[in-house]
Amino acid sequence: MARPREFEVDQALRDAAEVFRLKGYHAASLEDLTSGTGLAKGSLYKAFRDKKTLFLGALDLYATESRERFIAGLEAPGSPREAIRNTLVGYVERARTASGTAGCLMTNTAVELGAQDAEIADHVRSSFRRRTDLFEAAVRRAQEAGEIDRAKDPRALAEYLELVVQGVRVRVKTGPDETTLLHAIDVAMGALG
């Protein structure tokens, strides 16, 4: 009879995601991952086979949990346009935390590995595409509510909003002041019409 796992897989993936977010894929050593997850080397390899499998699992769980928070923000009761703005402002607010300047695992992965690994790049593109789809739905709700110009292409606006998110996520790594980022969000909101 096989011995049961003595750890919660999703928690191990969350812990590994944090190590990868802070260190990057290449710089995260086995020692960093065992220390960060609290798991022994053998347990990591038995559960995840290798570093890339662990990374992909961590990346996918990170994307799923981030998407759930994103949906909750965009679908908040009230004005759809204000929900879009509040979602963008949320990225700035999270960047002010102690670990905020470490950035987002998905964005960091796009920069570090996007051009090097087709499988990982596909995971990142899928995550960005799903978020763009959610932005598009929010833009359509705002257009139906008369808060965004109906003549504007909702997909193009959604792509623009995703670019704003990525820009904020990259800029927070260099520590711009909050006023600069909030001003950029106000400009982006003005572009929605």
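Please treat every number below as a calculation from the coordinates, not as lab data. Since this is a predicted model, take the numbers as computed values, not measurements. For neighbour counting, all protein chains shown are included, and Cβ atoms are generated from backbone atoms with ideal geometry for every residue, glycine included.
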Study note, to complete from the structure: Farthest towards the positive end of the dipole of segment 45-123, among L113, L56, Y45 and with Cβ unit charges of +1 on Lys and Arg and -1 on Asp and Glu, lies the Cα of Y45
Practice item. Work out the charge dipole of the chain with +1 on the Cβ of Lys and Arg and -1 on the Cβ of Asp and Glu about the Cα centre, then indicate which of L134, A102, T179 is farthest towards its positive end. Key: A102
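State the extension gain, in nm to one decimal, for the chain segment bounded by R125 and A151, taking 0.36 nm per residue of separation less the distance between their alpha-carbons.
Values: separation 26, 0.36 × 26 = 9.36 nm, distance 2.77 nm.
Result: 6.6 nm gained on full extension.
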Revision key, fill the gap. Karplus-derived 3J(HN,Hα) from phi for segment 49-65 (6.51 cos²θ - 1.76 cosθ + 1.60, θ = phi - 60°), whole Hz, x at Gly and Pro, runs 6, 7, 4, 5, 4, 4, 4, 4, x, 5, 4, 5, 5, 4, 5, 5, 5
Point to revise | Amide hydrogen neighbours beyond the local backbone of I148, cut-off 5 Å, H modeled | key: Q143
Check your understanding: GNM, the chain, Cα, under 10 Å: largest mean-square fluctuation among F20, F48, F128?
Key -> F48
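Over the chain, what is the relative contact order in whole percent, taking alpha-carbon pairs under 8 Å and six or more residues apart?
Values: 172 pairs, mean separation 43.9, N = 193.
So the answer I get is 23 percent.
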Review point. In nm, to one decimal, how far is the D60 label point from the A137 one, both placed 7 Å along Cα→Cβ?
Key: 2.1
**Study point:** Lysine pairs with alpha-carbon atoms under 29 Å apart, the chain, spacing 8 or more or separate chains
**Key:** 9
